[in-house]
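The values are calculated or read from the model by the stated rules, or taken from the named source; none is laboratory data. On a predicted model such as this, the values are computed, not experimentally measured, just so you know. With ideal geometry, Cβ positions are generated from the backbone for all residues, glycine too; neighbour counts draw on all protein chains shown. Surface accessibility is based on the protein's heavy atoms, side chains included, excluding ligands, DNA and RNA. Shrake-Rupley method; radii C 1.70, N 1.55, O 1.52, S 1.80 Å.
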Amino acid sequence: MTIQEILTENNIPFIPESNNEELRIICPICKNEKQKCYINNVYGVWHCWHCGNAGSFKTLFPRLTGKQDVDFIPAPPPPDYELPPQDNVVIEEWHQR
């Protein structure tokens, strides 16, 4: 079951983004109504760009619904997945910001 299906089944409103790869919701922690909380529909990671909280969908689900168990198994990363090379100058620049 996808996260989109789980949210629909539990009557949690969302806005699909990036060809349904990400879903925007109201963060259950900060309750910011601008829907800055993004959930990856495939891997099940989430991040609220308003309050900074993040984690896995399995830890977010109880906060959204009050239920403990969720029928979601995240997809493994593709076999050819590689992190992009790190540019230490850019990393330091972002760190200073």
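What the table below lists for this structure:
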read-out: The one condition in (1) over 20 Å from Met1 (Cβ atoms); (2) open to solvent by 30 Å² or more (accessible area, probe 1.4 Å); (3) without any contact (Cβ under 8 Å) to a residue 24 or more places away in the chain that Cys48 fails to fulfil; value: (2)
read-out: Of the criteria (1) touching a strand residue (DSSP E or B) at 6+ places or on another chain (Cβ under 9 Å); (2) among the β-branched types (Val, Ile, Thr); (3) surrounded by 12 or more Cβ atoms within 10 Å (Cβ to Cβ), which one Ile15 fails; value: (3)
read-out: Residues satisfying the stated conditions in region 18-36, i.e. of a type in the set (Val, Ile, Thr), within 12 Å of the chain's Cα centre (by Cα) and open to solvent by 30 Å² or more (accessible area, probe 1.4 Å); value: Ile26
read-out: Residue in region 80-97 that is of a type outside the set (Phe, Trp, Tyr), open to solvent by less than 60 Å² (accessible area, probe 1.4 Å) and free of Cβ contacts under 8 Å to residues at least 24 places away in the same chain present; value: no
read-out: From Phe72, Phe61, residue being open to solvent by less than 90 Å² (accessible area, probe 1.4 Å), touching a helix residue (DSSP H, G or I) at 6+ places or on another chain (Cβ under 8 Å), touching a residue at least 40 places away in the same chain (Cβ under 8 Å) and not in a loop (DSSP other than H, G, I, E, B); value: Phe61
read-out: So Ile39, is it in contact with a Phe, Trp or Tyr (Cβ under 9 Å, 6 or more places away or on another chain), open to solvent by less than 80 Å² (accessible area, probe 1.4 Å) and either at pLDDT 90 or above or part of a loop (DSSP other than H, G, I, E, B) (or both); value: yes
read-out: Sole exception among (1) in contact with a Pro (Cβ under 6 Å, 6 or more places away or on another chain); (2) in contact (Cβ under 8 Å) with a residue 40 or more places away in the chain for Tyr43, by number; value: (2)
